[in-house]
Amino acid sequence: MIKILLILLLSISCDKNIESYRVKKVPINVIPVPIENDSTSDSDLKWDTPKGWLQSSGSKMRLASFSVPYIGGYGDLSIMLLHGDGGGIEANINRWRRQIDLNPQNLSNINKTAELRNNGWGGYQIFEVVNLENKDKAFVCAIMPSKDSTIFVKLSMSAEGITEIKDDFLFFCDSFKFRNE
């Protein structure tokens, strides 16, 4: 008898109409702060920051973050230092490709697009990836491996913005060196 009363009570108290809601995503306002000097770092690294780049707050995983101005607004630049290879080139490039709605590629095809460069940290690669169907989604990144760790510098912005600031990005990445140099 108690079971029947419980079932009856539950069926009466439950509304069978299921409602769902969509909440508009509200963008987070980034308030850029001017950098106090041209070189900055919290580790054994040092780099030269292009004029006009603004230090911004990023996640705790980032070594540093910058808002990079271009004619269409600001791009988001992140610097991360990870132990070992940080998951490797293929895994990271493909994760970033998925973020801009592109299919993954194999390592051979990824490496065909690499631009090889050198800085005080060592040899490194530059990758530029653009979603040709939506040129607002693009990134340029540098992957700088060393014996024990890897630096990932990733700039997300439009394809037009990357073309506009690419020389500054290369200057920035080429300036990486150890603090004592």
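The values are calculated or read from the model by the stated rules, or taken from the named source; none is laboratory data. None of these values were measured; they are calculated from a predicted model. Methodologically, a virtual Cβ is constructed for each residue, glycine included, from the backbone with ideal geometry; neighbour enumeration extends over all protein chains shown.
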Problem set entry | Y70 vs. criteria in contact with a helix residue (DSSP H, G or I) (Cβ under 8 Å, 6 or more places away or on another chain) and among the hydroxyl-bearing types (S, T, Y) | yes
For this session: Of the conditions (1) surrounded by 15 or more Cβ atoms within 10 Å (Cβ to Cβ); (2) at pLDDT 95 or above; (3) in a loop (DSSP other than H, G, I, E, B), N103 clears all except one; give me its number.
Result: (1)
Exercise. Are any residues in segment 56-100 more than 12 Å from the chain's Cα centre (by Cα), assigned to a helix (DSSP H, G or I), buried (at least 18 other Cβ atoms within 10 Å of the Cβ) and of a type in the set (A, V, I, L, M), and if so, which ones?
Worked result: I89
For this session: Tell me, please, whether a residue that is out of contact with any Leu (no Cβ under 9 Å at 6 or more places or on another chain), under 26 Å from F178 (Cβ atoms) and basic (K, R) can be found in segment 134-150.
Result: yes
Exercise. When the residues of segment 159-177 are filtered to those that are buried (at least 20 other Cβ atoms within 10 Å of the Cβ) and touching a Phe, Trp or Tyr at 6+ places or on another chain (Cβ under 8 Å), which remaining residue is farthest from N118 (Cα to Cα)?
Worked result: G161
For this session: Quick one: in segment 106-135, of everything that is without any contact (Cβ under 8 Å) to a residue 40 or more places away in the chain and of a type in the set (V, I, T), which residue is surrounded by the fewest Cβ atoms within 10 Å (Cβ to Cβ)?
Result: T113
Exercise. Do we have any residue at all in segment 111-118 that's part of a loop (DSSP other than H, G, I, E, B), under 18 Å from S156 (Cα atoms) and modelled with pLDDT of 60 or more?
Worked result: yes
Exercise. With respect to F139, is the statement that it is in a helix (DSSP H, G or I), closer than 19 Å to L54 by Cα and within 18 Å of the chain's Cα centre (by Cα) true?
Worked result: no
